[in-house]
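Everything on this sheet refers to the single structure shown next.
The values are calculated or read from the model by the stated rules, or taken from the named source; none is laboratory data. Since the model is a prediction, treat every value here as computed from it, not as a measurement. Positions of Cβ are backbone-derived with ideal geometry, glycine not excepted, and every protein chain shown enters the neighbour counts. Quick note on the areas: whole protein, heavy atoms, side chains included, nothing else; ligands and nucleic acids left out. Shrake-Rupley method; radii C 1.70, N 1.55, O 1.52, S 1.80 Å.
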Amino acid sequence: MAQMNMIEAIRSAHDVMMDRDSSVVVLGEDVGYFGGVFRCTDGLQRKYGEHRVIDAPISEGGIIGAAIGMGVNGLRPVAEIQFADYIYPGFDQIVSELARLRYRSSGDFFSPVTIRTPCGGGIRGGQTHSQSPEGIFTHVTGIKTVMPSNPYDAKGLLIAAIESDDPVVFFEPKRIYNGPFDGDPEKPAVSWGSHPKGEVPEGYYTVPLGQAEIARAGEELTIITYGTLVHVAIAAAEATGVDCEVVDVRTLSPLDVATLADSVKKTGRCLIAHEATRFSGYGAELAATIQKECFYQLEAPISRVAGWDTPYPHAFEWQYFPGLKRMSAGIRRVMEAE
Amino acid sequence: MNSKSRLQIPRPTARPGEKPDFSYLDLSPAGSIDKPPIDARTRDIEHLSGGLVRVLDEDHSAKGAWNPNFDANQLQVGLRWMLLNRVFDERMWQIQRQGRISFYMQATGEEAVSIAQGMALRPGDMCFPSYRNQGLFMYRGVKLVDMMCQCLSNTRDMCQGRQLPIMYHTKTGNVFSVSGNLGTQYPHAVGWAMASAIKGEDHIAASWVGDGTTAEADFHHALTFAAVYQAPVILNVVNNQWAISTFQGTAAGQRRAFAARGLGLGIPGIRVDGNDFLAVYSASLWAADRARRGGGPTLIELVTYRGGPHSTSDDPSKYRPKDEWLSFPLGDPIERLKQHMIAEGHWSDARHESLVDELRTEVTAAWKEAQKHGTMTEGPWLDPATMFDDVFAEAPRNLDSQRRRMLEVERGE
Ligand SMILES: Cc1ncc(C[n+]2csc(CCOP(=O)(O)OP(=O)(O)O)c2C)c(N)n1
Ligand SMILES: [Mg+2]
């Protein structure tokens, strides 16, 4: 076991897979010589060569389109999009091609592309470095959507994503690259060093796609969330003294309905939280699913905590970010409801 | 030829620790490129995209047909604005380093682009800038204090705290809102220009992207529309050799000049010494006149060098030689104009020094004033309730109720 932050864990996942499988190639803006603006691919080009770690032109549509072609021709591309906020020029390639290739060719063609991209706010990045567009991707059938909340999962899920023959969009909450974040920007930054999920095996392992995890066991209320907000939810459970069970969705699509439903059936109460905007957000799918699965066990209406329905405002980052206050208020709201 | 296909890996000529090498840059002597009439046919002026239009010579004289023959006053105006751009950038960089703004980007070494092109355009012409065109905002009348307030996201911020520093805009000055997404505004410039033609007006549009951004599809969308409709627009590629860590070859700049990107569509290209204030002005005025008289679009490549880090988040020592800028054969635009003015007898080192001092004082005064409208740590503060404004022309119900909810949370309810 080694101590790793999320960046090191992601780098290690690349390293392990490039070493095991010569068909794994990496491409993206600044990923090669420089090692990525967040350093997630640092050292890979030196180790595996310029034919396997490719500095791409600034063209997200080109990166994803070319990755699809490479995948069709037997490679296993891992494409980095520098920020999730810049993935949209590649959206047509994802929706019209990557997601449907297998279906429309009756399984004769497919492309096992993994698209990694940093997402989320809390870094004073303004509206073009803070978005959480995962809900746009979960709405597209034929691609898997993943968002880890810690280094251990990041590495295991990324390896599983690279091995998956289905395309995966892999969101990395950049606020927790260097340490868990409980939603209070006033507190000094914490590193992954003291966190159990900062213990990461150096070699190969997977965290299977499609499995949620109980991040904190509890009896009174279930908080279903993912990414940075897993840590906010755990902190809010402590702050409110409510015995919350925090479920980390990890793979947003396909969804592990059983783990979520079992938890809500046990607690009878459900709060859903994400950083992304609320309206038509991924939380709406979660709420509908829980309502269907757990209707007779629910003791209170399902409630949501989410980003406001505005672009991410630079100056009002902490009024925008669904932090400890809003998470705690959400917990109380669900506990007080009859 | 090989017996097998092979992958080309574009590599810069020098990496950290190596000797800078700009031998790949094709240069033409000052004054050597002809200046065609503005109604020349594209096919007759293809050579302009391969040469390098230069006016300022090594001996600091101004040469050739592209010399705009500026008088002392015009030269001083240009020098003053370029220097202001530089001095402002230096100060804002320091301010970011002190943690007093969250982010900053300089235009160091590229000041001639914004200032000379700003001077070549008319006030009614619409500019669609990149994030390195702060000089254009200054030249078009945005006060330094207002630019600083934007960077501070304070109560006088033109963006009301909604945007990262440097994402300025000026409606009255006709400079569009800077976008963080690369290349997206290139087609906007073309559309704006088409509208100008549809309305029968003689305003033109201009837009700027970097060498790296030419790879984006939006770049090509813009060129296609500009060519098809012969839109009155100037499309600029600021080739500062680097796009964060990748050199211009990663956008295929080593194969053929960016100025030639439009030739296949029939768009004339001019490759210009981007650090030659006089050449940039002249080439831009030529393209503006051509567009205004129905001659359609021009693609201008401005060959320059990004003198500083990409942004305050960047560390260029990891990917390029530290002193590379010093070896750049086209030098520094400010120094070159200054030397020309001295050679012409219009200027002196002493006057230069006192101008720098004067501009520093101006910037210091603006910073003092800006802070009165709020800083990152001290009020006055913007009202967070305003974050819900302007999402729509009229706030729908979900936003109204979220605004109320946000205020309750802030009050601790
Ligand atoms: C669509 C999009 N993709 C990626 C980025 C991240 N990014 C910001 S600036 C930059 C490099 C741009 O280089 P260039 O076009 O040469 O302009 P320069 O910074 O050199 O002026 C990149 C990749 C972005 N802002 N938008
Ligand atoms: Mg550039």
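Remark: pairs (first residue in the stretch B:331-353, crowded, with 18+ Cβ neighbours inside 10 Å; second residue among the hydroxyl-bearing types (Ser, Thr, Tyr); Cβ separation under 8 Å; 6+ apart in sequence or on different chains) = B:Pro333/B:Thr304; B:His340/B:Ser61.
Residues of the stretch A:301-323 that are farther than 21 Å from A:Leu252 by Cα and either free of Cβ contacts under 8 Å to residues at least 12 places away in the same chain or more than 14 Å from every other protein chain (Cβ to nearest Cβ) (or both): A:Pro301, A:Ala315, A:Phe316, A:Gln319.
Which one is most open to solvent (accessible area, probe 1.4 Å), of the residues in the stretch A:205-261 that are of a type in the set (D, E, K, R) and in contact with a strand residue (DSSP E or B) (Cβ under 8 Å, 6 or more places away or on another chain)? By that ranking, first place goes to A:Glu219. Taking residues in the stretch A:271-300 that are farther than 23 Å from A:Gly122 by Cβ and hydrophobic (A, V, I, L, M, F, W, C), and partners anywhere that are at pLDDT 95 or above and open to solvent by less than 40 Å² (accessible area, probe 1.4 Å), the pairs with Cβ atoms closer than 6 Å and at least 6 places apart or on different chains are A:Ala287/A:Ile272; A:Ile290/A:Val264; A:Ile290/A:Cys270; A:Cys294/A:Ala261; A:Cys294/A:Val264; A:Ala300/A:Arg269; A:Ala300/A:Val334.
Take the stretch B:178-200 and flag every residue that is without any contact (Cβ under 8 Å) to a residue 12 or more places away in the chain and either closer than 12 Å to B:Met126 by Cα or more than 14 Å from chain A (Cβ to nearest Cβ) (or both). So that I can check it myself, show each step before the final result.
Within the stretch B:178-200, the first condition is being without any contact (Cβ under 8 Å) to a residue 12 or more places away in the chain, and the residues that meet it are B:181, B:195, B:198-200.
Correct list: B:Ala195, B:Ile198, B:Lys199, B:Gly200.
The criterion of at least 3 residues that are among the small types (Gly, Ala, Ser) is met by the following helices (runs of 4 or more DSSP H) wholly inside the stretch A:254-323: A:257-267, A:282-294. Checking the stated criteria, B:Thr312 turns out to be crowded, with 16+ Cβ neighbours inside 10 Å and in contact with a helix residue (DSSP H, G or I) (Cβ under 9 Å, 6 or more places away or on another chain). Among the residues of the stretch B:214-241, those that are within 15 Å of ligand 2 (Cβ to nearest atom) and more than 11 Å from every other protein chain (Cβ to nearest Cβ) comprise B:Asn236, B:Val237, B:Val238, B:Asn239, B:Asn240, B:Gln241.
Scan the stretch A:32-59 for residues that are facing chain B (nearest Cβ under 9 Å), away from ligand 2 (no atom under 16 Å from the Cβ) and β-branched (Val, Ile, Thr) and the total you get is 1. Exactly one residue out of B:Ile38, B:Ile33, B:Ile9 is at pLDDT 95 or above, open to solvent by 30 Å² or more (accessible area, probe 1.4 Å) and among the hydrophobic types (A, V, I, L, M, F, W, C): that is B:Ile38. Scanning the stretch A:64-91 for residues that are within 14 Å of ligand 1 (Cβ to nearest atom) and of a type outside the set (A, V, I, L, M, F, W, C), we see that the one that is nearest to A:Arg11 (Cα to Cα) is A:Glu80. Considered as a group, the residues in the stretch B:230-253 that are closer than 25 Å to B:Ala287 by Cα, more than 11 Å from ligand 1 (Cβ to nearest atom) and in contact with a Pro (Cβ under 8 Å, 6 or more places away or on another chain) include one that is modelled with the lowest pLDDT, and that residue is B:Ala252.
Meeting the requirement of 3 or more residues that are over 30 Å from B:Thr375 (Cβ atoms), open to solvent by less than 10 Å² (accessible area, probe 1.4 Å) and away from ligand 1 (no atom under 16 Å from the Cβ), the helices (runs of 4 or more DSSP H) wholly within the stretch B:111-216 are B:186-198. Among the residues of the stretch A:292-338 satisfying the criterion of being farther than 11 Å from A:Leu271 by Cα and of a type in the set (S, T, N, Q), which is most open to solvent (accessible area, probe 1.4 Å)? Selected residue: A:Gln297. Within the stretch A:154-169, being over 21 Å from A:Ser22 (Cα atoms) and not in a helix (DSSP H, G or I) holds for one residue alone: A:Val169.
Of all residues in the stretch B:198-212, those satisfying the criterion of being more than 16 Å from ligand 2 (Cβ to nearest atom) and either charged (D, E, K, R) or over 14 Å from the mean Cα position of the chain (by Cα) (or both) are B:Ile198, B:Lys199, B:Gly200, B:Glu201, B:Asp202, B:His203, B:Ile204, B:Ala205.
Applying the criterion of being away from ligand 2 (no atom under 16 Å from the Cβ) and open to solvent by 10 Å² or more (accessible area, probe 1.4 Å) to the residues of the stretch B:287-309, the residue that is farthest from the other protein chains (Cβ to nearest Cβ) is B:Arg293. Residues in the stretch A:89-121 that are open to solvent by 10 Å² or more (accessible area, probe 1.4 Å) and of a type in the set (Ser, Thr, Tyr): A:Ser96, A:Tyr103, A:Ser105, A:Ser106. Here A:Ala56 fulfils each of the conditions (1) hydrophobic (A, V, I, L, M, F, W, C); (2) within 23 Å of the chain's Cα centre (by Cα); (3) open to solvent by less than 10 Å² (accessible area, probe 1.4 Å) apart from (2).
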